[in-house]
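This report concerns only the one structure given below.
The values are calculated or read from the model by the stated rules, or taken from the named source; none is laboratory data. Because the structure is a prediction, the values reported are computed rather than measured. Neighbour counts are summed over all protein chains in view; Cβ atoms, including those assigned to glycine, are modelled from backbone coordinates with ideal geometry.
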Amino acid sequence: MISTQTPKNPIKRLDVFYVLSEGVVVAGDVESKSRKGLLHYTRIVLDPLTMKITKASCDCEGYTFRHNCWHIKTLEQMIKEDRELRERIEKARQEMMQIEEDIASWG
């Protein structure tokens with residue numbers, strides 16, 4: 001039988017980092033609602049200037065077929081509500097912007 005209950009804490013691992021060519025990345029393993037113990041790698045990329053989502057992806061079947069899934073929505077919600085996560089995102093954004101400024105100053 002397939003379960004549709006939301007896990008209590010569906011996000012099992014969460015990383016915040018930046019990629020100069022993309023932006024600030026929030027990536028993590030989000031537990032499946034339908035298959036207990038199955039984790040899906042979910043990734044959201046934020047534009048460093050506007051902090052709006054520019055890309056999102058997940059390795060689940062829903063995203064593969066519909067380009068939309070519960071895992072991405074869960075990560076988006078956490079970005080909006082979790083103050084500590086927003087601080088980590090801001091720190092990564094500042095580091096990225098400093099590197100971009102340094103590169104621009106080279107010439």
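Worth pointing out:
- Selection status of Asp59, of a type in the set (Asp, Glu), more than 15 Å from Arg93 (Cβ to Cβ) and surrounded by fewer than 17 Cβ atoms within 10 Å (Cβ to Cβ): yes
- Some residue of the range 67-90 being surrounded by 10 or more Cβ atoms within 10 Å (Cβ to Cβ), at positive phi and either among the hydrophobic types (A, V, I, L, M, F, W, C) or free of Cβ contacts under 8 Å to residues at least 12 places away in the same chain (or both): yes
- In the range 24-44, residue nearest to Glu95 (Cα to Cα) [restricted to those that are within 11 Å of the chain's Cα centre (by Cα) and buried (at least 19 other Cβ atoms within 10 Å of the Cβ)]: Val24
- Test: residue in the range 35-44 that is closer than 30 Å to Ala104 by Cβ and small (Gly, Ala, Ser): no
- Residues of the range 45-56 satisfying the condition of being surrounded by fewer than 18 Cβ atoms within 10 Å (Cβ to Cβ) and touching a residue at least 12 places away in the same chain (Cβ under 8 Å): Asp47, Met51, Ile53, Thr54, Lys55
- Within the range 96-107, tally of residues that are exposed (fewer than 14 other Cβ atoms within 10 Å of the Cβ) and either touching a Gly at 6+ places or on another chain (Cβ under 8 Å) or part of a helix (DSSP H, G or I) (or both): 8
- Residue in the range 76-86 that is touching a strand residue (DSSP E or B) at 6+ places or on another chain (Cβ under 6 Å) and not β-branched (Val, Ile, Thr) present: no
- Scanning the range 33-86 for residues that are touching a helix residue (DSSP H, G or I) at 6+ places or on another chain (Cβ under 8 Å), closer than 19 Å to Gly23 by Cβ and part of a helix (DSSP H, G or I) yields Ile72, Met78, Ile79, Leu85, Arg86.
- Residue within the range 11-23 that is at pLDDT 95 or above and more than 16 Å from Glu90 (Cα to Cα) present: no
- Matching residues, the range 52-83, being modelled with pLDDT of 95 or more, farther than 17 Å from Pro10 by Cα and not hydroxyl-bearing (Ser, Thr, Tyr): Lys52, Ile53, Lys55, Ala56, Arg83
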